[in-house]
Amino acid sequence: MQRAAISSATIAKKTTAIMSLSTSTTTSQLQYIDAGANLLDSMYQGTYHSKSRHEPDLDIVLQRAYNKGVHTVISLAGTVNESIELMELIENLDSNSKKENRIKVFGTVGVHPTRCAEVFAEKEASANEITSWKPKSAQIQNEIIQQLIDLATKGKENIIAIGECGLDYARLQFCPKDIQKLGLYAQLEVAYKTNLPLYLHNRESGDDLYEILSEYNEKLGSEGSHIRGIVHSFDEGIEICMKLMSLGLYIGINGCSLKTAENLEVVKDIPLDRLILETDCPWCDIRPTHASMQYVTTTFPTKKEKQYTRELGKEFCVKNRTEPCHVAQIAEVIAGIKGVDVEEVVNVSQENAYDLFGSLEKEQ
């Protein structure tokens, strides 16, 4: 999901406000991994559609997640600058939380497909109102690739994937197809050089994404390796899903993957051993009108953002703002669709995440 950016000039000030996590006992016996969050989003700083509604509350959000059994979160980056900010945020969280009982936050380094124009291209003069883009020079392209490689290498304890990269044909107003593909090829080079898995975005672009990734997989295969990655927030049909899984990729499921009856049928046909739970928070909430709501049993009391305060945040979530704790609902929906226990869904998803991203442990 495209995120509202937080400037690098303010990240240190904002993360300083994050409190140390308490050592309260979790209220859930299950231990979840939210494998796709957007902790840099301005909503966690209290800003919605450029309007300030309440004080920053990321610390409260993470505390609630930990208390509800979410012990690991993977947060996503959308630009080079966001990658830097995310690394700073994770370092701040690690240094300010109690090491023996803390939520573990990991991150990605990369450029979202809708942001590729602002990173990999520059505007051309145009006689009409349509924005035209041309790729930056080969030298600058290589410098961007090297910068991403350097960031991933520097943050190797906390950076576990390259992305969020991929293709998004539903929002071409932000970046044309050719520049998106250029950005994807660049980040495949970063993944190749760092030996990190891919955190992939796909929106109405499954066939093209499959073709590009197949080429990349053939390159790896010639060297005795293979592609590793997750197709995040999947919402296309089962045919595209099967093609992507045939490459060995995992499929990330969140509320946007579970809106319609057709979505539920697709998820029903995806083997559990290829699924990974995520929220894409603060986006992709499950709403009463969604087909998946019939399977949700865990609910969280909410307040509208205009009414919300930090004091209320100890008991209430913000209405329609997803948090890592909502990963429990994703697990319940998948369990309901497949007719299995929630515990099985959670445990298999966790095993899948470990297989893809490694042990997801931090030094004590």
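For residue 125, only one of the following conditions fails: (1) modelled with pLDDT under 95; (2) within 21 Å of residue 82 (Cα to Cα); (3) not charged (D, E, K, R). What is its number?
Condition not satisfied by residue 125: (2).
Of the residues that sit in the stretch 255-282 and are of a type outside the set (Asp, Glu) and assigned to a loop (DSSP other than H, G, I, E, B), which one is farthest from residue 242 (Cα to Cα)? I'd like the intermediate steps shown before the answer.
To start, the set of residues in the stretch 255-282 that are of a type outside the set (Asp, Glu) comprises 255-261, 263-264, 266-268, 270-272, 274-277, 279, 281-282.
Subsequent filtering for residues that are assigned to a loop (DSSP other than H, G, I, E, B) retains 258-260, 270-271, 279, 282.
Details: 258: 17, 259: 20, 260: 19, 270: 8, 271: 10, 279: 22, 282: 28 Å.
Here the residue is 282.
Taking the options 323, 305, name whichever one is under 30 Å from residue 159 (Cβ atoms) and in contact with a strand residue (DSSP E or B) (Cβ under 6 Å, 6 or more places away or on another chain).
Every option except 323 fails the conditions.
Would you call residue 175 in contact (Cβ under 8 Å) with a residue 60 or more places away in the chain, surrounded by 18 or more Cβ atoms within 10 Å (Cβ to Cβ), over 30 Å from residue 62 (Cα atoms) and touching a Cys at 6+ places or on another chain (Cβ under 6 Å)?
Values: in contact (Cβ under 8 Å) with a residue 60 or more places away in the chain: yes; surrounded by 18 or more Cβ atoms within 10 Å (Cβ to Cβ): yes; over 30 Å from residue 62 (Cα atoms): yes; touching a Cys at 6+ places or on another chain (Cβ under 6 Å): yes.
Yes, satisfied.
On the given criteria, is residue 107 modelled with pLDDT of 95 or more, touching a helix residue (DSSP H, G or I) at 6+ places or on another chain (Cβ under 8 Å) and surrounded by fewer than 18 Cβ atoms within 10 Å (Cβ to Cβ)?
Working: modelled with pLDDT of 95 or more: yes; touching a helix residue (DSSP H, G or I) at 6+ places or on another chain (Cβ under 8 Å): yes; surrounded by fewer than 18 Cβ atoms within 10 Å (Cβ to Cβ): no.
No; evaluated as a whole, the condition is false for this residue.
Just checking, how many residues over the stretch 220-231 are of a type outside the set (A, V, I, L, M, F, W, C) and surrounded by 13 or more Cβ atoms within 10 Å (Cβ to Cβ)?
2
For the stretch 1-56, which positions are at pLDDT 50 or above, charged (D, E, K, R) and either more than 22 Å from residue 70 (Cβ to Cβ) or not in a loop (DSSP other than H, G, I, E, B) (or both)?
Scanning the stretch 1-56 gives 34, 51, 53, 55.
Which residues, counting only those in the stretch 140-167, are in contact (Cβ under 8 Å) with a residue 12 or more places away in the chain, surrounded by fewer than 24 Cβ atoms within 10 Å (Cβ to Cβ), of a type outside the set (A, V, I, L, M, F, W, C) and under 21 Å from residue 74 (Cβ atoms)?
153, 154, 155, 157, 158
The values are calculated or read from the model by the stated rules, or taken from the named source; none is laboratory data. Here the structure is a predicted model, which is why all the values come from computation and not from measurement. FYI the Cβ positions are ideal-geometry reconstructions off the backbone, even for glycines, and counts take in every protein chain you see.
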